[in-house]
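In what follows, a structure is listed as structure tokens, so that the remarks can point back to it.
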Amino acid sequence: MKNKNIISIESQASLQLFETYKDIATAEFRGRMHPLLATKIKKQGFKALFHQDITINLRKTKRNVVMDISLPEDDQLAGQHMTVKHNEMNLFRQLESLVKTTKAKRAWQAALKLIDLGLHTPLPLGYLERFKGPLIHKTAYFTKTIEQGQSVKTWFWDEQRNEAEQQQMIAAVAAYSRRMHDNGITHNDLHLSNFMVSPTDEGLQLSCIDLNRCRYHRRLTLWQRCLDLSRFSWRGYLPQFLDAYCGSDFSLDGWWWVARWSRKLRKKRRQLKRVSNRLNNCMHPA
């Protein structure tokens, strides 16, 4: 497979199928969805999308359930699949939802912004927020599934990769990150596992996932750029990545290492605080 176009832009023709979203506002749900999905949910409820015979894959993380299911049988969508990221919120997050945007809505908004910039991400089909009284207690974010995709981390460290392919992928990830930052967007969870690569007729297509932590700024400082990039682990390829990201415009060499250690120290402090709280609870049980 030739890698002549490793960053490809979502075609306008495919966007036209999904550019019109419908609002869902019932006593139980709120959100925006692709019209075909919105109609189905309004008539039959959220469970109408989930049937044993069409469930493909289900995996549970610490906070989310991620599942791949078939899209409704329609002329436009038949034979395609979507990924649903379902999140059940604890009491603190439910209270926080009164004043803060939920993860599902943030991911949906970020996906639309990236597509507007010509950066590829799994095509958003919508999001739902489920209420219990005035509080949101469950959310779901829907996207088209990336067919035959694998993480850049898996792809990059495959023994079959040669140096030229690795250098091209480094340049692709750097170009994607730079365009996102130049437009004031920080991902806040940038690492190689959150980039997916999939084969297309033109070559390989790079996509960014897990957008629920994205934030928007008028302009990013060098420090903000470094903090966002500091989760990357390129091992011996870091100098090439930073050179590809910065070009001749600026340098992040010194800043990046400060940001890297700053993030590690914050992580250690959080871990120590959790251990301290557990010890206090053991020594002074309620």
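The values are calculated or read from the model by the stated rules, or taken from the named source; none is laboratory data. In this text the structure is predicted, and so the values were computed from the model without any measurement. FYI the Cβ positions are ideal-geometry reconstructions off the backbone, even for glycines, and counts take in every protein chain you see.
Out of all the residues in the stretch 116-140, which are in contact (Cβ under 8 Å) with a residue 12 or more places away in the chain and either assigned by TED's automatic domain parsing to the domain that holds ASN183 or at positive phi (or both)?
Residues satisfying the conditions are GLY118, GLY126.
Looking at the stretch 160-178, which of the residues that are in contact (Cβ under 8 Å) with a residue 24 or more places away in the chain and of a type in the set (S, T, N, Q) is nearest to GLN205 (Cα to Cα)?
Among residues in the stretch 160-178 that are in contact (Cβ under 8 Å) with a residue 24 or more places away in the chain and of a type in the set (S, T, N, Q), the one nearest to GLN205 (Cα to Cα) is GLN168.
Name the single residue that is farthest from HIS34 (Cα to Cα) among those in the stretch 99-115 being among the basic types (Lys, Arg) and touching a residue at least 40 places away in the same chain (Cβ under 8 Å).
Filtering first and then ranking leaves LYS103.
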Working carefully through the options HIS217, HIS181, find the one that is in contact (Cβ under 8 Å) with a residue 24 or more places away in the chain and touching a strand residue (DSSP E or B) at 6+ places or on another chain (Cβ under 8 Å).
-> HIS217
Filter the stretch 220-257 down to residues that are of a type in the set (Ser, Thr, Tyr) and without any contact (Cβ under 8 Å) to a residue 24 or more places away in the chain and give me whichever is nearest to THR145 (Cα to Cα).
-> THR221
Sort out which residues of the stretch 217-258 are outside any helix (DSSP H, G or I), modelled with pLDDT under 85 and crowded, with 16+ Cβ neighbours inside 10 Å, and write them in order of number.
-> LEU252
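May I ask you to verify whether ALA172 is among the small types (Gly, Ala, Ser), under 16 Å from TRP234 (Cβ atoms), surrounded by 17 or more Cβ atoms within 10 Å (Cβ to Cβ) and in contact with a helix residue (DSSP H, G or I) (Cβ under 9 Å, 6 or more places away or on another chain)?
yes
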